[in-house]
1. Which of the helices in the chain meet the span-like rule: DSSP H, Cα axial reach of 30 Å or more, Kyte-Doolittle mean at least 0.0?
2. Name the residues whose placed amide hydrogens come within less than 5 Å of the amide hydrogen of Arg114, ignoring near sequence neighbours (fewer than 5 apart) on the same chain.
3. Sorting His357, His478 by accessible area (1.4 Å probe), largest first, what list results?
4. I'd like the accessible area for Lys225, computed on protein heavy atoms only with a 1.4 Å probe and all protein chains in place. Round to 10 Å², please.
5. Rounded to the nearest 20 Debye, what is the dipole magnitude of region 351-499 about its Cα centre when Lys and Arg each give +1 and Asp and Glu each give -1 at the C-beta?
6. Would you mind working out the magnitude of the charge dipole of region 131-230 relative to its Cα centre, with +1 at each Lys and Arg C-beta and -1 at each Asp and Glu C-beta, to the nearest 20 Debye?
7. How much of the calculated P(r) for region 22-122 lies past 17 Å, in percent of all Cα pairs?
8. Once you charge only the Cβ atoms, +1 for Lys and Arg and -1 for Asp and Glu, what is the size of the charge dipole of region 405-492 about its Cα centre, to the nearest 20 debye?
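The values are calculated or read from the model by the stated rules, or taken from the named source; none is laboratory data. Predicted, not measured: the structure shown is a model, and the values here were computed from it. So basically every Cβ, Gly included, is an ideal-geometry build from the backbone, and we count neighbours across all protein chains shown. Protein only, heavy atoms only, side chains kept; ligands, DNA and RNA dropped before computing areas. Shrake-Rupley method; radii C 1.70, N 1.55, O 1.52, S 1.80 Å.
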Amino acid sequence: MRLRNWIAVVVSVILLAAAGTIGFLVNRSALRAADAVHRADTTALGTNNGTLTGQMQLLSAKGLDSLAESQSFSLSAGNSGDRATLQAFAAKSGTFSYGVLITDLTGAVLNASRDTGLPTLTDPGWEPLRKSLAAGRPGFSSIMTVNGVHLEAVAVPIVVSGAPVAILVGLNNVAETDLQKYTLTLKSDTFLTTIVDSTGTVAASGDPRLLGTKIDPAVRAEIAKRPASAFLRYTALDNTKMIAIVIGNLPGGWAYVRSQTQSSYDGAVHSKSQTLNLTLLAMLLIGVAGIAVLGYRGSLQRRRAHQRFEALFQHAPDLVSVLDAHGRIAYSSPSAIATLGFGGNGLVGDSVFDLVHPEDRPIMVEQFGRLLASRDAVLRLQCRVRSADGRYRWFEFTASNQMQNPSLNGVVINARDISETRAFQERLAHEAQHDALTGLPNRRRMQDVLDSTLRQDAVAVLFVDLDGFKPVNDAHGHEAGDELLRQVAQRLSACVREQDVLARVGGDEFVVLMPGVLGWEDAESMADRIRRAVEQPFVIDGGEVLIGASVGLHVGAPAEDADEVLRAADHAMYTEKKSGNGRRNRATPVHSVRAGRHRAEA
């Protein structure tokens, strides 16, 4: 009997030891998979935010470039006209309200919107800006501090006859920039978002108190390597273990940094893993109690393992699922309730492709097949997913092939809702191709449409220039001029056909593209409608204003050069303007219009 009991005890210990070893391996494998997905997802999110940061920097430079191209500066030192232009631009700019200046090519100031509070020419912060300009790119300085205010300088060249003759520089208070406001929207209790210049000085932060200070030396050393992206583990000056995602190579040598403590990054996953290991050890010790205890402890182990696995993803903000080889959902984390609105196990057993938007489904099926064909492969892509209410939302997926992993035996999917990020990117793209004053397509958008249409069809081009706009603008102010341009845009929009393209290409210049028009009669008819529409009185702040329009026509044949077609229409417009055919008698406005302070391009 004793021998039998000892045999039973030994068998129990062996079985429990084997079960404990398997449990330990499963735990370690799941932890590694979760760590891999978490790291990849965090890096991808940092890359997206870093890309948006770079786009916001370049967008600020576009505002300066637009001023440099649209204005004719005298470039003489202290010129009052140049100073007035700079002050008007600074007053209306949301980015460079601190100040704007013009320097010669050596950096000497020729004119400025303000007399004090400017960085000295010897400030080392100018060096990155000068290097970027020398390389033919917009210049971005390091952070410079003047009278306790932390400043960034953005610069573009002023080009005359194809050669740079001066530099247009915009200064912004980093505490008030759109970049700082965007960084504040990313504020979290678990991580800190920081934008730093090439020297490691903080230019934007989720904690405004850090502006103008230096980031941790370990992060500075990583930024100096100019990484496209880096996952950095380091020890802070207070001996706290830290994790940082560093996205470098931004304009001006700047970098995006998302940092957090090692403990907050690891979260509950590592804590639960350690608990599981201790539990397995305890189970091995309890195994000597006998076969009866073995059955009970085995059942308890499976139940606890399942509970711990659920706890790994219970509070995760992302949607985590495991798919079988056919794309059916074998497991879906509780976050699906909050993310997509499907309760309980409502998604288990369904095909994931049934949730994907029909337009995105073919590429998802193709990519899923490629993922299965490569062991331990990782795939990242974006698509639209249907929620419980039938609406589609944008998600970013990270898929890991864990078919060979016995603890998972499937494809692990980590999905994050990026609908707001996509909307922000689309808004940036829209603003880059549309006129901010009228909302019409800008010259760049019009040129793209003209190029693509002429490859396969004829296009009638109408170049419209307002007659008498400049006197109205000069007499009644820039604000009245802006309002007049908006009303002209509305009238012209009512004149064109649904398939036509109406764009604002300059101060008071508009272009109408009429695809498919071969004859001059339709173009002439459109031109007459435009003239009549513009010649009707405009009401500006209670007063009537009368202007006219000169319209140049050209019908471009298929395959004709787009620049030549546009140039011909422009020439025709100036011919009409010179002959006076586009003008009508304009009476003095019935009521005076109050002067504004905004820019009006005439």
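1. Passing helices, by number: 2-70, 262-286.
2. Here Val100 satisfy the definition.
3. His478, His357
4. Looks like 140 Å² after rounding.
5. 600
6. 260
7. Counting pairs separated by more than 17 Å, the tail of P(r) holds 67 percent.
8. Here the size comes out at about 340 debye.
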